[in-house]
Amino acid sequence: MRKTLTAVLGLIAALSLPATATQVGLFASFYETDEFSDTFGFGFRTQKELVDTVFGDIRATYYRDLTRKVDGGRGDLPRLPFDVEDIVIEAGLSWAFFATPTLHAYIGGGGSYHVLSADG
């Protein structure tokens, strides 16, 4: 799992190096699921201006601890005998239709891919 995360973050960093008008950053994230407990994760993002006012954005987020939720009051669900980890890889495009030094209005969209891993 760590090799996959390292490879993804290395690829994102490599793609952002020769770019002009590139932004990079680290962030924290909260993940709320139906079947597993809620958890926090961390990630890396890069954004590059592809053409005038059109940006490409790539993010990777790592969630280490997803465990089985406890059924509140209706009987306890057993803890899973393994740990579940998730790496979320997201890519998107945005169009900045209005930008000033204090406001950056944009519209965009994208997709995500989850890489789930169970260690046990």
Worksheet, complete the sentence: Here the range 83-92 yields Karplus 3J(HN,Hα) values (6.51, -1.76, 1.60; θ = phi - 60°; whole Hz; Gly and Pro given as x) of 9, 10, 10, 9, 10, 10, 10, 10, 9, x
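Contour minus end-to-end for Thr6 and Leu103, with contour as 0.36 nm per residue of separation and end-to-end as the Cα-Cα distance?
31.5 nm
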Worksheet item: With θ set to phi - 60° and the Karplus curve 6.51 cos²θ - 1.76 cosθ + 1.60, what are the ³J(HN,Hα) couplings of the range 50-61 in order, to the nearest whole Hz, using x for Gly and Pro?
Response: 7, 9, 3, 6, 10, 10, x, 10, 10, 9, 9, 10
Worksheet entry | At R0 = 35 Å, FRET efficiency that the Cβ-Cβ distance of Val51 and Ser117 yields, to 0.05 | 0.45
Fill in: Inter-probe distance in nm under a simple model that places probes 7 Å from Cα toward Cβ, at Trp95 and Phe30
3.3 nm
Practice prompt. Could you pull out every residue, at least 5 positions away or on a different chain, whose amide H is within less than 5 Å of the one on Thr67? Hs are placed 1.01 Å off N in the peptide plane, and Pro or chain starts have none.
Written response: Ser37
Worksheet entry | Rounded to whole Hz, the Karplus (6.51, -1.76, 1.60) HN-Hα couplings of the range 104-114, x for glycine and proline | 10, 8, 8, 10, x, x, x, x, 9, 10, 9
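Laboratory data are not the source of any read-out in this text; all were calculated from the coordinates shown. Since the structure is predicted, the reported quantities are computational estimates derived from the model, not experimental observations. For neighbour counting, all protein chains shown are included, and Cβ atoms are generated from backbone atoms with ideal geometry for every residue, glycine included.
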